[in-house]
Each structure stands twice: as structure tokens, then as C-alpha cells.
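The values are calculated or read from the model by the stated rules, or taken from the named source; none is laboratory data. Nothing here was measured: the structure is a model prediction, and the numbers come from that model. FYI the Cβ positions are ideal-geometry reconstructions off the backbone, even for glycines, and counts take in every protein chain you see. In case anyone asks, the SASA skips ligands and DNA or RNA and just uses the protein heavy atoms, side chains included. Shrake-Rupley method; radii C 1.70, N 1.55, O 1.52, S 1.80 Å.
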Amino acid sequence: MKRTLACFLEQCQERWTARRMPDSTFWPDFSTRLEVELPRLIELLWSLYGERPDFAFQFEELIAETFTAFCSRPARLREYDRKHPPESGLQLDGRQVGAVAYAGRFAKGFKGLADRIPYLKELGISYLHLMPFFLAPEKENDGGYAVSSYRETDPALGSMTDLENLSAQLAQAGMALVVDFIFNHTSNEHEWALKAKDGQPRFQDFYYLFADQAETVAYQAHLRDIFPEHRKGSFTWDAGMARWVWTSFNSFQWDLNYRNPEVFRAMAAEMTGLANRGVSVLRLDAVAFIWKQAGTSCENLPQAHTIIRAFQSLARLACPGLLFKSEAIVHPDDIAKYIDLRECQLSYNPLLMAELWEAAATKDVRLLAASLAKRHHLPSGCAWVNYVRCHDDIGWTFADEDAAELGIKGADHRSFLNEFYLGRFPGSFSRGVSFQYNPLNGDRRICGTAASLAGLERALEEGSATMLETALRRLQLLYGIVYSVGGLPLLYLGDEVAALNDYGYLQDPAHAADSRWVHRPRWSESLYKQRLDANSVAGRMFQCLRRYAQLRRSYKLFAVQSLAVLDGGNKAILAYHKQAEGQLLTVLGNFSEEPVIIPAVRLADFLGGAQGANLLDGRIVLPHEDLALEPCELLWILVDFTASE
Ligand code: OTU
């Protein structure tokens with residue numbers, strides 16, 4: 001008889017509800033959640049693997065392994081789970097400010113990072129994303145994104161026990177630990193890859209291997225090259241196995257084959273294992289790439305969402321407080337599809353990032369404002385992770401159709417933005433570095449620290465105080481939007497002291513071919529010391545971000561994800577409202593390098609006819625007077641209607 005989903009579900013429920021796990025005090029808690037998750041999990045996995053004769057076995061093993069993970073979850077994390085029920089998602093409060101860094105560059109590994117906790121407290125950080133710290137190939141490892149073991153760390157940073165201790169110390173300080181779940185690929189030195197190379201069929205089936213290059217052609221025709229300067233195509237010949245291996249990224253990063261349920265099970269165990277180390281949020285790396293289908297781009301396929309939803313369902317069983325953050329650098333429509341309480345509660349906001357820099361270059365906020373109006377809203381419990389730049393390159397991922405509505409041709413505009421941020425376009429303020437130029441289609445991305453891209457490096461080169469002042473304001477403007485637009489702001493550490501590009505990577509053979517290392521600065525003791533000097537650039541930037549974080553904690557309206565975009569009356573002025581509990585915030589950002597006047601009549605409309613105060617400098621703002629904004633000036637104007645009651 002052909003097994004049906006319903007029949008399997010019934011058998012499963014009978015077996016699991018009747019099952020009494022051996023003397024486990026954890027079974028009642030687990031089985032309560034299992035009743036909820038079982039139908040969903042079976043439906044998700046049946047759609048991927050239901051045709052397989054071993055489906056029942058694989059499923060039973062998966063649940064048993066998940067229960068084992070739940071039983072081994074430390075008491076501290078069970079307590080955390082009780083305070084963070086998965087059905088509520090991320091409860092935004094203004095306290096949340098994120099930071100990201102390499103443990104070995106911001107500090108001297110995990111123990112050194114513990115000594116930096118007071119520094120992070122000064123900045124109001126509540127969420128710390130450590131860049132990949134796993135065991136990885138010695139020389140080239142894509143900045144840690146080629147993982148050789150999810151259970152071992154790079155010894156230079158410390159042990160997994162040191163990481164667990166750091167997690168507990170961060171939790172003590174009110175900070176969540178965020179870690180990458182690099183689940184699209186492993187390094188070619190991972191145990192599974194080594195066994196595959198050793199000819200073990202079970203592990204060869206963990207990857208996509210092709211004996212005949214012709215088989216890869218059906219795929220290749222529709223794939224984009226992520227690192228075209230490193231290699232053409234998405235397949236690498238392995239002479240030892242006499243096979244082509246699917247390698248979407250670097251040749252030493254082997255894509256995992258999720259058509260094989262053993263891969264899903266093995267990565268589920270790695271996921272729960274990481275969670276039990278004290279991780280509150282997993283950054284799901286390269287989510288778009290995890291399912292392959294000949295004749296398609298092999299990105300954003302429905303089965304990719306199914307896999308993530310199945311991982312989410314397992315997380316709710318084994319580590320209920322764990323949140324997922326989606327990393328999808330794709331079309332905005334596709335990014336939105338990963339964001340759901342049942343998939344990824346958080347998501348990078350690459351559209352906002354790209355359009356902030358677009359507005360800074362064009363001095364025209366219309367594309368940015370249109371996107372905020374159309375694409376910023378998210379389901380309750382979900383949140384954007386908003387950033388000015390990250391450890392990666394900047395790709396111009398706005399939607400061509402959105403640009404076309406403003407008469408902008410996407411491809412031409414991307415060429416302009418690349419020229420501008422490389423500092424080659426007349427009037428550019430930027431010092432950026434090219435990343436992965438593709439001569440076949442002209443595609444290119446940009447690298448650089450926020451300070452160097454915003455004009456500080458060039459201003460210091462040219463010794464212009466005016467340029468320096470405008471560039472610092474521009475940097476504060478971009479971060480001021482990220483800290484107020486709604487969601488969780490994410491600071492790449494180094495930007496808080498206006499660190500400039502570090503060209504030293506060119507002397508490091510392991511990094512010289514990857515310009516992303518230009519914007520992954522090491523800790524600077526001198527900049528650190530300047531952080532409290534209000535006359536230094538580093539000090540002014542540090543104090544600015546501290547102030548942003550303090551204000552976020554002081555006003556409920558910063559905890560609100562939604563906003564209302566306003567007509568700033570001038571294409572250089574970005575204006576939006578945030579509201580909560582009788583308080584109205586009007587954010588005004590001048591993206592031009594000239595002063596701009598907001599006429600009284602428009603200002604009165606923004607402020608609801610009431611008097612406001614700029615939270616950033618205390619200035620009183622009267623509704624019936626013209627308001628002057630300096631070049632690149634940002635205002636956070638608060639009107640408190642409860643005060644007048
Ligand atoms: C992600 O990258 C990581 O953020 C990169 O650091 C890694 O190199 C890569 O995956 C492989 O693990 O689109 O969603 O343009 O920005 O590849 C995958 C280069 C990604 C990265 C891009 C990104």
C-alpha cells in the first residue's frame with residue numbers, strides 16, 4: 001500500500017505519544033511541544049523525503065536525536081527558553097543594539113573578548129555576532145566560512161569551552177551571543193569531505209558530485225558566479241575522486257546535498273549542538289543556495305524554505321529560545337519570503353544598506369524613501385537587522401523595477417555607484433575597493449569601512465576640515481537612520497571609532513586576493529584611547545553611537561518596527577515618523593552637502609503643530625519657524641503629547 005502522509009502521521013503520533021522515554025524528566029516538556037510540531041515537521045520533511053523507503057527510519061532517528069539534544073541542554077539555557085517563548089519571536093525593545101566582530105581581530109580570542117565586555121557595555125551593545133571561529137583550513141578559509149568542524153574552534157581563538165564561558169559572561173552582561181550556522185557548505189577538509197575523498201559512498205552522497213562534466217552543464221547555464229575573480233562556474237574538479245564537486249562559493253567550500261536526509265539530520269545535530277553552547281541567534285549563512293534544481297538559478301527555491309522551516313520546527317523542540325537570522329543578499333521580494341515566525345524571525349536588511357549609500361552618493365533619497373514605504377513592514381515578532389555595512393562587500397541589490405519607477409536604469413545606476421564608491425567619479429567623497437569584478441557582465445561590488453566610504457579617509461588625505469566635518473556627519477547620519485528606522489541596529493566594530501580602511505591585507509598572501517579584508521580592522525589601542533576625547537573624530541563618533549543607544553533605551557518608540565515615510569519636500573531630505581505611547585519622533589536626514597531649509601508650514605505638519613526638541617543636541621524646534629539642516633545633518637525631533645496633558 002502506498003504510504004500516505006496522513007497514515008504515517010497517525011502511526012507516528014501513536015508511537016510517539018505512547019512512547020515513554022527512559023527515565024527522562026525532560027520527556028513531558030518535550031512531548032508537549034512535540035504534539036504541536038509533529039504534524040508540521042512530518043509534512044515539511046515528507047515533501048522533501050517522503051518518497052524514500054527509509055523515510056520512517058530517518059524521521060524516527062531525527063526525533064530521537066532532537067530529544068537527546070534537548071536532554072543535554074544546560075539549565076541556564078532552559079531558563080532562557082522559558083523567558084523567550086518561540087511563538088513570540090523577537091520582542092523588540094529599545095535596549096537592543098547589535099555588534100559584529102572577529103574574535104581574533106577585535107580581541108585576542110574568546111578570553112580577550114571577555115575583557116572587552118565593559119567596552120561593549122559603554123556602547124549599549126546587547127547582541128554580539130562573532131564571525132566564524134570554527135576549525136577551518138589553515139591558509140584560505142573564506143574568513144572562516146569554510147568549516148572543517150562545527151564542534152571545534154580555531155585553536156588560536158580558544159576552545160569551545162572558552163566560547164561557552166564567554167557566552168555565559170555575555171549573558172551575565174545582558175548580551176546575546178550570535179553565531180553563524182554555515183549550513184550550505186563545509187570546507188573540503190571537513191570529516192565528511194575527507195571520507196568522501198576516501199571513496200566512502202555514504203559521505204560522497206553528502207555532496208553534489210558529478211562523474212561527467214556534461215551533467216554540470218544543465219545546472220551551470222542558470223547559475224551566477226559569486227566569486228568570478230577566483231573562478232568561473234560553480235563546480236570544481238577533484239582528481240582524487242575523479243568527480244566534479246558543486247562549489248557555489250570558493251573551490252574549497254563544498255555545497256551540502258540536502259536531497260539526502262542524512263545531511264539534514266547531520267546538520268540538525270550541528271545546529272542543536274551549537275545552540276547548546278549558549279547561542280541565542282543563529283545567522284543562517286547563504287540560505288538562498290541550499291536547494292539545487294536543474295534548469296533554475298538554484299537560489300530561493302521553495303525547498304530551501306521548507307528546509308529552514310524544518311530546522312525552525314526542530315529548534316522549537318530542542319532549543320525553543322533560539323532565533324534564526326536570514327542572510328540572503330538577493331532581490332528584496334525574495335528576502336521577504338525568508339522572514340516569518342516559522343522560518344527566520346530576523347533578517348539582514350541589505351536593501352536599506354545599499355540604498356543608504358545610494359542616497360549619500362546621489363544626494364537623492366527618493367529610492368530609499370520608496371523602499372521604506374513599500375518594503376519595511378514585517379510580521380509581528382520579526383525584525384530587520386539594519387546595518388550600514390558588514391564584513392562582506394556592498395552589492396547594489398535594489399530592485400530594478402523600483403528604480404525604473406523613478407526613471408533610473410538599474411544597470412547604469414550600479415555602474416555609477418561602483419565608480420562613485422571606488423572614488424573615481426567626479427565629486428566622490430569615497431575611498432572604496434573593488435570586489436569580484438566580472439568583465440562578462442560588468443558586475444562589481446564595493447569594500448570599505450563605513451568611515452572610508454563616507455569620506456573621512458579622503459578628507460584626511462586632502463587635509464580639508466570642511467570635508468572632514470561633512471564626512472563625519474554623513475557617517476553619523478547613516479548610522480542614525482540604522483539606529484532609528486525600526487528593528488535591530490547592527491554595528492560593525494571599528495566603525496564606532498571611525499576606523500579607516502586597512503590596506504595591510506595586501507601583504508598577507510592568505511588575504512591579498514579578497515578585498516573584504518580591507519574593512520575588517522583589528523582593534524586599535526590608539527583609537528580606543530581617543531573614544532572619550534570629544535575633539536577627536538574617533539571620540540565624536542563613539543559618543544554619537546553611545547548617545548543613539550542611550551536614547552533608544554529611553555524612548556519606547558525606538559522599539560517599534562513600523563514607521564511612516566513623510567514627504568521631506570526636498571529630494572535630499574529623508575523624513576519619517578515613529579510613534580508610541582503619545583510620543584512622536586520625526587527623523588529628518590539631510591543627504592546633501594548643502595544646508596537645506598524645511599519651511600515652517602511643512603515642519604508644523606511634521607510636528608503636529610506642537611513644539612519639539614531635537615534629542616541629539618537638545619535644540620528646541622518651534623513648529624512655525626523655518627528649520628535649517630546643516631549638510632548631512634540628522635535630527636531626531638521628539639514631540640511628547642502626553643507632556644501637555
Ligand atoms: C556569505 O556571503 C558570507 O557572508 C560570506 O562572508 C561568505 O563568503 C559566503 O556567504 C560563503 O559562506 O550571498 O548568502 O558577495 O557577500 O557570498 C551568501 C560575497 C552570500 C558575499 C556573499 C554572501
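Key figures for this structure:
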| read-out | value |
| --- | --- |
| Between region 274-306 and region 562-638, the Cα center-to-center distance that results, in Å | 40 Å |
| Distance cut-off 13 Å, percentage of C-alpha pairs in region 185-255 lying past it | 61 percent |
| For region 323-406, accessible area per residue (1.4 Å probe, heavy atoms of protein chains only), Å² | 26 Å² |
| From the C-alpha gyration tensor of region 561-644, square roots of 5λ in Å | 20, 14, 12 |
| Net charge dipole size for region 20-132 [Lys, Arg +1 and Asp, Glu -1 on Cβ; Debye, nearest 20] | 860 debye |
| Simple Cβ-charge dipole of the chain, Lys/Arg +1 and Asp/Glu -1, about Cα centre, in debye nearest 20 | 900 debye |
| Built amide H within the under 5 Å cut-off of ASP180, gap 5+ | ARG283 |
| Portion, in percent, of the accessible area of region 327-413 that falls on carbon or sulfur, probe 1.4 Å | 55 percent |
| Rounded tilt (10° steps) of 160-172 against the dominant C-alpha axis of the chain | 50 degrees |
| HIS185 long-range amide H proximity, modeled H, under 5 Å | LEU256 |
| Per-pair calculated FRET efficiency, R0 = 56 Å: THR466 and ARG40 via Cβ, rounded to 0.05 | 0.40 |
| Heavy-atom accessible area per residue - region 185-255, 1.4 Å, Å² | 45 Å² |
| Cα centroid separation, region 388-413 to region 219-244 (Å) | 27 Å |
| Peptides ranked, highest mean first, by Cβ atoms within 10 Å: ranges 418-427, 247-256 | 247-256, 418-427 |
| Using a Förster distance of 56 Å, the FRET efficiency for ALA156-GLN293 (Cβ separation, nearest 0.05) | 0.90 |
| Out-of-range pairs (alpha-carbon distance over 25 Å; input LYS139/LYS232; LYS139/LYS529; LYS83/LYS111; LYS232/LYS292) | LYS139/LYS529; LYS83/LYS111 |
| Against the rule of thumb 2.2 N^0.38 Å, how large the Cα Rg of the chain comes out | 0.98 |
| Distance histogram in 5 Å bins (all Cα pairs of region 20-164, percent per bin) | 2, 7, 12, 13, 13, 15, 16, 12, 8, 2, 0, 0 |
| Relative contact order (%) - criterion: Cα under 8 Å, at least six apart; region: the chain | 12 percent |
| Helix-only [θ]222 nm of the chain, DSSP H runs n ≥ 4, -39500 (n - 2.57) each, per residue, nearest 500 | -11500 deg cm²/dmol |
| Folded to 0 to 90 degrees: helix 537-554 orientation relative to the chain principal axis, Cα | 70 degrees |
| Carbon + sulfur, % of accessible area of region 561-644 - ligands and nucleic acids excluded, 1.4 Å | 51 percent |
| Other-chain or far-sequence residues with amide H under 5 Å of LEU566's (modelled H) | ALA575, TYR576, HIS577 |
| Solvent-accessible area, 1.4 Å probe, carbon plus sulfur percent, for region 1-142 | 56 percent |
| Positive-end residue of LEU506, GLY486, ASN535, charge dipole of region 451-549 with Cβ unit charges | GLY486 |
| Estimated D of region 149-289 in µm² per second, where Rh is the Kirkwood radius over Cα pairs and Stokes-Einstein applies at 4 °C, 1.567 mPa s | 78 µm²/s |
| Accessible area per residue in Å² at 1.4 Å probe, computed on region 512-554 | 46 Å² |
